[in-house]
Structure formats: structure tokens, C-alpha cells
Amino acid sequence: MQKERLYGKTLNELIAVTRKIGLPGFSAKQIADWLYKKKTDSVEDMTNLSKRARDILSEGYEIGLYPPENVSVSSDGTKKYLYKVLRNKYIETAYIPDNEQATVCVSSQSGCKMGCLFCMTGKQGFQGNLSSNEILNQIRSLPEFSNLTNIVYMGMGEPLDNIQEVLKSLDILTSTWAYGWSPTRITVSTVGLIKGMRDFLEKSRCHLAVSLHSPFDDERRNLMPVQRTNTVKEVLDIIRNFDFNSQRRVSFEYILFKGLNDTPRHINELARILRGIKCRINIISYNPIPGSPFKRPDPGAVVNFKEALNAKGILTTIRASRGGDIQAACGLLSTSQEKSV
Ligand code: SF4
């Protein structure tokens, strides 16, 4: 019989487990301690549970941690890990060290339904949602886990298309009964799914990053098919009407394509639609993928675009591309070549 995984369960779910197998209610908190604070990898190690309780627990449950199966290392220090999920599918996770900071970029789905034209994951199609266990295992089983300062949900998949498991993983990362991370060190990205954004903003305190890529609906629709259902205005209305506190941040990701979305017309329209929203734009130079008609912009054009937006009063930064030589940079994650066994 396949045992159920304990790692990735919220405190409420652990309480339900203890009830189901007849353990006292307080043992759920003890189990959470072992899973998330003491970092045990065996039920047998949970020594403040009685031997009988450990035996009952092990009958149907296991911890459920598993190491990555492969790693590629970039010349810039970025590492790309390969994890097996969903019974023989694969996902990739990027570890990005940067001076005092170390960020992990986690995947939330195997493949993706959104079909963005500039993205290798989008080309791969959709294989399935990751469980909270599979999302968090990418962080906990990362060899550099203890170095991490930031977590971004910007790997494979659209996090808000898997909102329940993503919210569970955020609960475990930020609750004091588990990891107790500050939500200000965690950012979740989205193409702008309306319902998911509402749920995320209400039920989590983590930062939000919205992929914008163009202020014009028709252009955005050509880049990101999801735009067929959600317009820029609908996405911005949700943000405008939400009461962001001083700690919580919203940012817009803007992949810059040569000759496509880098003109003064785009700068003026971005300034117009973002007026009154306290935000930041992160510019990312497009990383070319095979068969794509898009072109990477010249470095000078990227700087000019950034400065023009800053001059319009929109805080704009350029995100350095990392891990390009190992296909770990933005838009390049894909496991379509991995063998499913
Ligand atoms: S950019 Fe993100 S949402 Fe779009 S296809 Fe790629 S993984 Fe999915």
C-alpha cells in the first residue's frame, strides 16, 4: 500500500490525521514540529511521540521527502535541479545565489496550460498540478536549503491555476507552527488569473508579481493566450481596489522583446495605466527559445526603456538574466525532454 506523505500537510490536515488514527490532538503540533522545525526525515525519529503512536503513524504515513535526481550548474553559479513528481513526471527548480541573497525559484505545476508564446514550459503543455508536498520538497530538499533568503513561485506552471496547493504551501512556509518565514521574502507570480488573484490577495500576505509584457490588450493576447479571458484593465482593477499594506508589494514583470513592446507608445501607456498604483516594473530581456519569432533586445535599449519609465515616475529595474547556459533563465524551464518511465 502506498503510504500518505506527511510533509506538506498543514496543521489542520495533521490534526485530521491524528483524529483518524486515534492519536491525541496535541500530537499534531508535535508532528508539525518534527516535520518543519526539527527537519526529521523519519517517523521513528519523532521521539516525543510514544512508540505505539509512531508505530500507528508509520503504518499509513511516511515523511515524503526526496532529493533532486539531477543538477546542472551555470557558469554564473545558478543551479537547476530536476525533481520527479506526479508519478514519473519531472519539474525543474532554479537556485540563484546573488551576493548576500540566495533565491529558489519553485515550480507549481508540471508543464503549464497558459501557453505563453515566449516560454518553453508553455510549449510543453500541461501534465498536472503539484501537491503542497511537491512544491515544498523543492525547497526543503534543495542542498542549499539553509542558505535561502527568498522564495519565488516563478518556475514551471501558473501558481494561481493551482491555488489550493500553493496556498497550503505558503501557509506552511509562513506560519509560526512551521517555518515562520516572513511573507515579504516570498513572491508569487501570475499571468493575471482573476479569481486566483482575489483568493491569493485575501488568503496570503506574500508579494504578488503580475506578468504584464504589454499594456495593450491585443498585443498581450498575442503573447499570452490567457489574455483572451482577462483584460489588462480587469487585472489592474483588482490590484487598484485591494488595500496593500506598507509591507506587501506588487510588481509587474515585463519581458522586453526587440521591436515589439519597447517603444515610446508602450512607455506612455504603461505610465498611464499604472498611475496611482504603488508598484515596481521588473524588466527581463527576452531569452530566445527555438522556433520563436521574437528577438532579444539590445542591452542599450533595455537601459533606455528602464530610464524612460523611471522618468515617468514608475520605479523600474532590470532583472539580470541568470543561468542562461543551463536553460534555467526566465522562460527556458522545460522537462519535455525528460523520460517518463
Ligand atoms: S510564462 Fe508562466 S504562465 Fe506562461 S506558459 Fe510559461 S510557465 Fe506558464
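The values are calculated or read from the model by the stated rules, or taken from the named source; none is laboratory data. Computed from a prediction, not measured in an experiment: that's the story for all the values here. Note: ideal-geometry Cβ built from the backbone for every residue, glycine included; neighbour counts use all protein chains shown. The area values use the complete protein model at the heavy-atom level, side chains included, leaving out ligands, DNA and RNA. Shrake-Rupley method; radii C 1.70, N 1.55, O 1.52, S 1.80 Å.
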| said: Residues to consider are ASP41, ASP55, ASP45, ASP33; find the one that is farther than 26 Å from SER175 by Cβ and either at pLDDT 95 or above or charged (D, E, K, R) (or both). | reply: ASP55
| Output for the range 137-170, where each listed residue is over 12 Å from the mean Cα position of the chain (by Cα) and either over 16 Å from TYR66 (Cα atoms) or within 16 Å of the ligand (Cβ to nearest atom) (or both) | SER146, ASN147, LEU148, THR149, GLN164, LYS168
| said: Residue pairs, Cβ under 6 Å, 6 or more apart or interchain, first in the range 72-89 and closer than 23 Å to SER321 by Cα, second open to solvent by 40 Å² or more (accessible area, probe 1.4 Å) and among the charged types (D, E, K, R). List them. | reply: VAL73/LYS79; SER74/ASP325; SER75/ASP325; ASP76/ARG322; THR78/ARG322; LEU82/GLU69
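Here is a yes/no grid of residues against (1) without any contact (Cβ under 8 Å) to a residue 24 or more places away in the chain; (2) within 29 Å of TRP34 (Cβ to Cβ); (3) of a type in the set (Gly, Ala, Ser):
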residue: LYS123; (1), (2), (3): no, no, no
residue: LEU142; (1), (2), (3): no, yes, no
residue: GLN164; (1), (2), (3): yes, yes, no
residue: LEU167; (1), (2), (3): no, yes, no
residue: LEU170; (1), (2), (3): no, yes, no
residue: SER175; (1), (2), (3): no, yes, yes
| In the range 163-172, which residues are open to solvent by 10 Å² or more (accessible area, probe 1.4 Å) and aliphatic (A, V, I, L, M)? | ILE163, LEU167
| query | If you take the residues of the range 33-57 that are assigned to a helix (DSSP H, G or I) and closer than 26 Å to TRP181 by Cα, which of them is most open to solvent (accessible area, probe 1.4 Å)? | reply | LYS37
| Odd one out for LEU23 among (1) part of a loop (DSSP other than H, G, I, E, B); (2) free of Cβ contacts under 8 Å to residues at least 12 places away in the same chain | (2)
| note | PHE252 fails exactly one of (1) open to solvent by 30 Å² or more (accessible area, probe 1.4 Å); (2) in contact (Cβ under 8 Å) with a residue 40 or more places away in the chain; (3) in contact with a Leu (Cβ under 6 Å, 6 or more places away or on another chain), namely (1)
| said: Against the condition of a type outside the set (Val, Ile, Thr), touching a strand residue (DSSP E or B) at 6+ places or on another chain (Cβ under 8 Å) and more than 22 Å from SER169 (Cα to Cα), how does MET224 come out, does it pass? | reply: yes
| Can you name every residue in the range 256-294 that is open to solvent by 70 Å² or more (accessible area, probe 1.4 Å), over 26 Å from PHE242 (Cα atoms) and modelled with pLDDT under 95? | PRO288, PRO290, GLY291, PRO293
| request: Check off (1) farther than 30 Å from LYS9 by Cα; (2) away from the ligand (no atom under 13 Å from the Cβ); (3) open to solvent by less than 10 Å² (accessible area, probe 1.4 Å); (4) out of contact with any strand residue (DSSP E or B) (no Cβ under 7 Å at 6 or more places or on another chain) for ALA178 and give me the number that stays unchecked. | output: (1)
| Residues that are within 14 Å of the chain's Cα centre (by Cα), open to solvent by less than 30 Å² (accessible area, probe 1.4 Å) and away from the ligand (no atom under 16 Å from the Cβ), drawn from the range 181-203 | PRO183, ILE186
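Looking at the range 296-320, which of the residues that are closer than 11 Å to ILE255 by Cα and part of a loop (DSSP other than H, G, I, E, B) is most open to solvent (accessible area, probe 1.4 Å)?
Here the residue is ARG296.
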